[in-house]
Structure formats: structure tokens, C-alpha cells
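A short write-up of the structure that comes next.
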Amino acid sequence: MRYVLVLLAALGIAASSLALREHYRTEGDSPCSINEGWDCGIVNHSPYATLGGIPVAIIGIAGYLLMGVLGWRRAWRWLLAAALAGLAFSLYLAHVEAHILGVWCVYCAISLGDISLITLLALATTLVTLRKPLIRS
């Protein structure tokens, strides 16, 4: 399971890195400007793209890196806590995209799916780990 979680964390780092690249893009059209409903440029240049002056994408990279390390070390409870925090933040950002900006970012949507899957796997793994001592008794 840890290899799957590390792979998903790497996917999250990749999606967050692409969003960070978009955040700092100053010239040209966004490569993910698909239509009026999907435009990473609008999302990543909005006031919601930073938190305390730090780009949200950097927070995402750091979070996925932490989750990858926790998954590799099989620190399931800590991974679950980090994943739940990441999921809550990602859902807040999805709310901003849907109800405030009215525009979605492809990279952010990939990240939302990724953190959702990591959270489900971390929850399942934690529950299985918690049950093992009960089964062996």
C-alpha cells in the first residue's frame, strides 16, 4: 500500500508544480485555458491563490511531500491526519472555484481527486491496522 500512496503523493506534487508554474506565468495564454469554465490562469492569479503571501501550490507541494514520507514510513495515523487536513483545504478551494470565481482549474481538480483517493486509502489502511491487534488476540 505504501507504494501506491507514494505514487499518489508524487502525482499530487506534479499537479501542484504545474499549478505553481501557472501562478508565476506572466506571458502568453494558459495551456489549460480550455473555455470560460476551465482556466487555470484565472484561478492561479486570483487573490485566493495565496495564503499569507505563500502560493497555495507551494503548500500543496509541501503537503504531498509530507504525505509521501508518512506513507513510505507507514505512519498511517499521521498520514490520515495530514490527508484529512489536505482534503478539507482542497474542498475549500473547490468551493472558491465553483461559487466565488466561477472557473475551475484542471490541475486543482486533479489534486482534489488525488487527495480524495489518498484520504480514502489512508482511512482504510488505518482501520485495517487498528483491527489487526483485535484479530490476533
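Let me have the 222 nm mean residue ellipticity of the chain computed from DSSP H runs of 4+ only, each contributing -39500 (n - 2.57), with the sum over all residues rounded to the nearest 500. Please list the in-between numbers first.
Details: 5 runs with 96 residues, N = 137.
The per-residue figure over the chain is -24000 deg cm²/dmol.
Report the net charge of residues surrounding Gly102, where surrounding means a beta-carbon distance below 14 angstrom and charges are Lys +1, Arg +1, Asp -1, Glu -1.
-3
Show me, for segment 48-56, the HN-Hα J-couplings you get by feeding each phi into the Karplus relation (A = 6.51, B = -1.76, C = 1.60, θ = phi - 60°), rounded to Hz, glycine and proline as x.
Rounded to whole hertz, the list is 7, 7, 10, 9, x, x, 9, x, 4.
Within segment 12-32, which residues have the backbone N less than 16 Å from the label spot 7 Å out from Tyr48 along Cα→beta-carbon, could you tell me?
From segment 12-32, the list is 23.
Cα axis of helix 2-24 to longest principal axis of the chain: angle in degrees, 0 to 90, nearest 10?
Orientation of helix 2-24: about 20 degrees from the principal axis.
How large is ³J(HN,Hα) for each residue in segment 61-66, as worked out from phi by the Karplus curve 6.51 cos²θ - 1.76 cosθ + 1.60 (θ = phi - 60°), to whole Hz, x for Gly and Pro?
4, 4, x, 5, 4, 4
Using amide H atoms built 1.01 Å from N in the peptide plane, name the residues 5+ places from Trp104, or on other chains, whose amide H lies under 5 Å from its own.
Amide H to amide H, under 5 Å and 5 or more residues apart or across chains, Trp104 pairs with Trp38, Asp39.
List the residues whose amide H sits under 5 Å from the amide H of Thr50, counting only those 5 or more places along or on another chain, with H placed 1.01 Å from N in the peptide plane.
When sequence neighbours closer than 5 places are left aside, the close amide H contacts are Val56.
Hey, what angle do you get for helix 106-136 against the long axis of the chain, alpha-carbon based, 0 to 90 degrees rounded to 10?
Helix 106-136 sits roughly 10 degrees off the main axis of the chain.
Would you work out the charge dipole size for the chain about its Cα centre, treating the Cβ of every Lys and Arg as +1 and the Cβ of every Asp and Glu as -1, and quote it to the nearest 20 debye?
Using only the charged Cβ atoms, the result is roughly 1180 debye.
Taking a ≥ b ≥ c as the square roots of the Cα gyration tensor eigenvalues, with a/c under 1.5 meaning rounded and otherwise prolate when a/b beats b/c, else oblate, which class fits the chain?
Judged from the Cα gyration tensor, the chain comes out prolate (a/c at least 1.5, a/b above b/c).
Using a Gaussian network for the chain with springs between C-alpha atoms less than 10 Å apart, which of these wobbles most: Gly113, Gly53, Gly28?
Maximum fluctuation in the GNM of the chain, among the listed residues, is at Gly28.
All of the numbers you see were taken from the coordinates with simple rules; none came from a lab. Here the structure is a predicted model, which is why all the values come from computation and not from measurement. Reconstructed Cβ throughout: ideal geometry from the backbone, glycine too, with neighbour counts over all protein chains shown.
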